[in-house]
Amino acid sequence: MTERQSQILKAIVEEYAEVASPVGSNLLAKLFNVSSATIRAEMAELEHLGYIMQPHTSAGRVPTDKGYRYYVNELNEVQCGNEELRTERALAVRVQEGGIPERIIRNAVDTLVELTHNLGIATIGNQLYMSGLGNLFGQPEFMSPGQVRQVAELLDNLEPWLREAAPNQPLNVYIGRENPVGRSAGVSLIISRFRSSFSDASYIGVLGPTRQQYRDVMLLVRRAGVELEGVLNGR
C-alpha cells in the first residue's frame, strides 16, 4: 500500500465513523486536494486489495474488516493529544470515586458507556458486569433481527470465552469476523486485561459496531484497565 492509499483509507475509516454513510470520491478529493479521478483510481486499488468495499445501494465506499485491522494496527504508534488526556483523567477520577470494589468496577463500566456510546463490559472472577445495551442496539447497523441474534450469542458466550482464551495483551481488539462468536454481527470488541486480588485475568472494555472512533475508544479502554488495576490493588 502506498502512503497516499494509507492516508485515504484512514480518511475513509474516520469519516465513515463520523457520518455512518459510505464515503465518496468527491469528499476525499477535497480533503487531499487532488482530482476525483485520482481518488477513484486509488479507491479502486484499495478495493482490489480488500481494504474497502462498495455497498450495493451507494457509490461511496466503506471499510472492510481488513481495512479496520490495518487502521487499528497503525494506531499503535499514536500518542495522546491534550483532549484525549483530559478525557482519560476524567475517567480516572470516576473510577477512583467508587469506594468498594463492586462500585469501582461499575463506575468504570458506566463511564466507558458514557464516553464511547458503546456497550460497556467487565469481568472479574466469574462475575460479568454489563451496561449500555441501548447504546449498542440504537446504532443504525443493528436493524436486522439476524444481527441482533448474533450479538446476543456473542454476549452469552463472552465470559466463558474470555476465561478460556485469556487474551494476555494490555489492550486487545477483535474486529468483525475476528470475534469468537457472532462473527457476522459487524461488531468490534475492545478489551483491556487487568489484575487484582480477586483475579489475575479480569477484563474491562466495550462492544460496539465496527464503525467507530477506534483511536479514542482504545485509549479509554486501556486507561480503564490501568486505573482498575491500580485502585483495586491499592496503588
_In degrees, nearest ten, helix 82-96 long axis to first principal axis of the chain (Cα)_ = 30
_Explain nothing, just the number: relative contact order of the chain, from Cα pairs under 8 Å at least 6 residues apart, as a whole percent._
19
*Choose one answer from Val72, Val173, Val34: the residue with the largest mean-square fluctuation in a GNM of the chain with alpha-carbon springs under 10 Å.*
Val34
*Most mobile of Gln127, Gln212, Gln150 per a Gaussian network model of the chain (Cα springs, under 10 Å)?*
Gln127
*Residue by residue through segment 107-114, which ³J(HN,Hα) values in whole Hz follow from phi under the Karplus form 6.51 cos²θ - 1.76 cosθ + 1.60 (θ = phi - 60°), with glycine and proline marked x?*
4, 5, 5, 4, 5, 4, 4, 5
*Could you please tell me the mean projected area of the C-alpha convex hull for segment 104-235, averaged over all directions and given in square nanometres to one decimal?*
7.0
_Cα Rg, Dmax, the chain, angstrom units_ = 18.6, 60
*Using r as the Cβ-Cβ distance of Arg163 and Asn26, and R0 as 35 Å, what FRET efficiency do you calculate, to the nearest 0.05?*
0.10
*For segment 81-230, build the charge dipole from Cβ charges (+1 Lys, Arg; -1 Asp, Glu) around the Cα centre, then report which of Ala152, Asn126, Gly186 sits farthest towards its positive end.*
Gly186
*Can you give the helix-only mean residue ellipticity at 222 nm for the chain, where every DSSP H stretch with n ≥ 4 adds -39500 (n - 2.57) and the sum goes over all residues, rounded to the nearest 500 deg cm²/dmol?*
-17000 deg cm²/dmol
*For the chain, built as a Gaussian network whose Cα springs stay under 10 Å, the top-fluctuating residue of Glu164, Glu47, Glu102*: Glu164
_Residue order, fewest to most surrounding Cβ atoms within 10 angstrom, among Asp156, Asp216_ = Asp156, Asp216
*Return the sequence-ordered ³J(HN,Hα) values of segment 218-227 in whole Hz as given by the Karplus equation 6.51 cos²θ - 1.76 cosθ + 1.60 applied to θ = phi - 60°, using x for Gly and Pro.*
5, 4, 5, 5, 4, 5, 4, x, 4, 5
*Place a label point 7 angstrom from the Cα of Tyr129 along the Cα-to-Cβ direction, then list the residues of segment 213-227 whose backbone nitrogen is under 17 Å away.*
220-227
*Let me have the relative contact order for segment 3-76, percent, based on Cα pairs under 8 Å that are six or more residues apart.*
34
*To the nearest 0.05, what FRET efficiency results for Gln7 and Ser184 with a Förster distance of 25 Å applied to their C-beta separation?*
0.25
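Read-outs: derived from the displayed coordinates by stated rules, not from any lab. Because the structure is predicted, anything quoted here is derived from the model rather than measured. We place every Cβ from the backbone using ideal geometry, glycine too, and count neighbours over all the protein chains shown.
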